[in-house]
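*Asks:* Below are the structure tokens for one structure; questions will follow.
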Amino acid sequence: MRRRVILLGPPGSGKGTIAARLQENFGFNHVSSGQLLRREVELDSAVGRRAKSFLDRGELVPDQTVLELMERWMDAMPPGTGFLSDGFPRTLSQARALDEWLASRGQAIDAVLFFNCPEAVMIERIAGRRVCPQCGRVYHQVTLQSRVAGRCDECGVALVQREDDTAPVVRKRFEIYSRQTEPLVAYYRAQGKLTEIDATRPLDAQMDDVMSALAK
Ligand code: ADP
């Protein structure tokens with residue numbers, strides 16, 4: 001099973017949900033850069049203070065801040081442990097920095113899963129998306145409801161809509177995705193590491209595709 005895996009895809013493509021399933025069922029070490037950043041903001045740490053205004057506007061947090069956070073996260077893992085990274089890298093310079101950082105430890109990315117989905121579908125998903133402010137678990141008002149309406153299945157706390165999930169901020173996040181993150185598709189395809197997943201298919205079918213890509 002491939003253990004150093006990147007999940008790539010536009011906002012709302014469902015990669016966070018897939019990542020949570022992989023973590024639950026197969027013990028993957030899931031990391032979401034967005035979740036780590038939001039936690040730093042809540043803690044009002046130095047990184048959080050630098051990141052907050054970018055998060056609120058739906059813009060990318062500067063590479064240096066994100067790299068500092070992600071390298072800290074990876075360094076804290078026991079040696080040889082893999083990861084499933086959702087939301088990082090998000091720019092070519094982050095991808096190059098990650099490759100160099102891994103190479104300096106004799107490691108490399110094993111696989112990149114690209115979740116492809118038309119924009120209209122993603123916008124629909126984001127509009128109904130609700131998250132647990134405590135554990136970060138993601139739900140959807142129509143397609144992925146919690147057992148008790150409006151409450152997290154794990155924590156029981158009230159679900160919220162992320163501040164950057166409102167329509168104008170979502171539009172901006174899409175623009176930024178096309179300009180800054182989409183080039184990573186070609187970058188990893190050229191390395192022979194990319195598998196494209198049709199993110200409009202039902203979750204179980206996507207999981208099958210993901211598992212066969214990771215077993216290769
Ligand atoms: P989504 O995938 O739905 O856009 P995330 O939780 O991955 O949501 O990211 C939310 C926000 O966190 C982004 O809009 C951006 O401000 C910031 N962020 C997350 N990851 C990165 C990254 N690798 N580089 C820069 N900013 C990031």
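The values are calculated or read from the model by the stated rules, or taken from the named source; none is laboratory data. Computed from a predicted model, the values in this text were never measured in an experiment. All Cβ positions, even for glycine, are placed from backbone atoms using ideal geometry, and neighbour counts span all protein chains on display. Remember, those area values only see protein heavy atoms, side chains included, never the ligands or the DNA or RNA. Shrake-Rupley method; radii C 1.70, N 1.55, O 1.52, S 1.80 Å.
*Asks:* Just one of (1) in contact with a helix residue (DSSP H, G or I) (Cβ under 7 Å, 6 or more places away or on another chain); (2) of a type outside the set (Lys, Arg); (3) outside any helix (DSSP H, G or I) trips up GLY48, so point out which.
*Replies:* (3)
*Asks:* Also, quick follow-up: Exactly one of these conditions fails for PHE115: (1) part of a helix (DSSP H, G or I); (2) within 14 Å of the ligand (Cβ to nearest atom); (3) under 14 Å from the mean Cα position of the chain (by Cα). Give me its number.
*Replies:* (1)
*Asks:* While we're looking at this one, here's another question. Name the pairs whose Cβ atoms lie under 8 Å apart, with the first residue in region 128-153 and over 21 Å from GLN23 (Cα atoms), the second of a type in the set (Gly, Ala, Ser) and loosely packed, with under 14 Cβ neighbours inside 10 Å, and 6 or more positions between them or separate chains?
*Replies:* Hits for this filter: VAL148/GLY156; GLY150/ALA158; ARG151/ALA158.
*Asks:* Name the single residue, out of those in region 83-105 being hydrophobic (A, V, I, L, M, F, W, C) and either more than 14 Å from the ligand (Cβ to nearest atom) or over 15 Å from the mean Cα position of the chain (by Cα) (or both), that is surrounded by the most Cβ atoms within 10 Å (Cβ to Cβ).
*Replies:* That would be LEU98.
*Asks:* List pairs: first in region 52-80 and within 23 Å of GLY12 (Cα to Cα), second of a type in the set (Lys, Arg), Cβ under 7 Å, 6+ apart or cross-chain?
*Replies:* Pairs found: LEU55/ARG38; GLY58/LYS172; GLY58/ARG173; LEU60/ARG90.
*Asks:* Condition check: among the β-branched types (Val, Ile, Thr) and open to solvent by less than 50 Å² (accessible area, probe 1.4 Å). Does ILE123 satisfy that?
*Replies:* no
*Asks:* OK, next. Select, from GLY80, GLY136, the only residue that is small (Gly, Ala, Ser), within 15 Å of the chain's Cα centre (by Cα) and part of a loop (DSSP other than H, G, I, E, B).
*Replies:* Values: GLY80 fails: within 15 Å of the chain's Cα centre (by Cα).
Of the residues listed, the single one that is small (Gly, Ala, Ser), within 15 Å of the chain's Cα centre (by Cα) and part of a loop (DSSP other than H, G, I, E, B) is GLY136.
*Asks:* Here are some residues: VAL5, VAL61. Which one is away from the ligand (no atom under 13 Å from the Cβ) and of a type in the set (Val, Ile, Thr)?
*Replies:* Going through VAL5, VAL61 in turn, just one is away from the ligand (no atom under 13 Å from the Cβ) and of a type in the set (Val, Ile, Thr): VAL5.
*Asks:* So how many residues does region 173-193 have that are over 16 Å from the mean Cα position of the chain (by Cα) and either surrounded by 14 or more Cβ atoms within 10 Å (Cβ to Cβ) or assigned to a loop (DSSP other than H, G, I, E, B) (or both)?
*Replies:* Adding up the residues that qualify gives 6.
*Asks:* A follow-up question, please. Take the residues in region 18-27 that are crowded, with 21+ Cβ neighbours inside 10 Å and not small (Gly, Ala, Ser), then tell me which one is nearest to the ligand (Cβ to nearest atom).
*Replies:* First, pick out the residues of region 18-27 that are crowded, with 21+ Cβ neighbours inside 10 Å: 18-19, 22.
Filter again for not small (Gly, Ala, Ser), leaving 18, 22.
Values: ILE18: 12, LEU22: 16 Å.
If we take residues in region 18-27 being crowded, with 21+ Cβ neighbours inside 10 Å and not small (Gly, Ala, Ser), then ILE18 is nearest to the ligand (Cβ to nearest atom).
*Asks:* Separate question: Could you identify the single residue in VAL142, VAL169, VAL131 that is touching a Gly at 6+ places or on another chain (Cβ under 6 Å) and open to solvent by less than 60 Å² (accessible area, probe 1.4 Å)? Even if it seems obvious, please write down each step before you answer.
*Replies:* On the way: VAL142 fails: open to solvent by less than 60 Å² (accessible area, probe 1.4 Å); VAL131 fails: touching a Gly at 6+ places or on another chain (Cβ under 6 Å).
So the residue among VAL142, VAL169, VAL131 that is touching a Gly at 6+ places or on another chain (Cβ under 6 Å) and open to solvent by less than 60 Å² (accessible area, probe 1.4 Å) is VAL169.
*Asks:* What are the residue pairs meeting all of these: first residue in region 32-43, first residue open to solvent by less than 50 Å² (accessible area, probe 1.4 Å) and part of a helix (DSSP H, G or I), second residue among the small types (Gly, Ala, Ser) and near the ligand (Cβ under 8 Å from one of its atoms), Cβ atoms under 9 Å, and 6 or more apart or on different chains?
*Replies:* Listed by first residue and then by second, the contacts come to SER33/GLY87; GLY34/GLY16; GLY34/GLY87; LEU36/GLY87; LEU37/ALA51; LEU37/GLY87; GLU40/ALA51; VAL41/ALA51.
*Asks:* Residue under question is ASP153, and the condition is that it be modelled with pLDDT of 90 or more and either within 14 Å of the ligand (Cβ to nearest atom) or open to solvent by 30 Å² or more (accessible area, probe 1.4 Å) (or both); does it hold? Let's see the steps before the verdict.
*Replies:* Numbers: modelled with pLDDT of 90 or more: yes; either within 14 Å of the ligand (Cβ to nearest atom) or open to solvent by 30 Å² or more (accessible area, probe 1.4 Å) (or both): yes.
Yes; evaluated as a whole, the condition is true for this residue.
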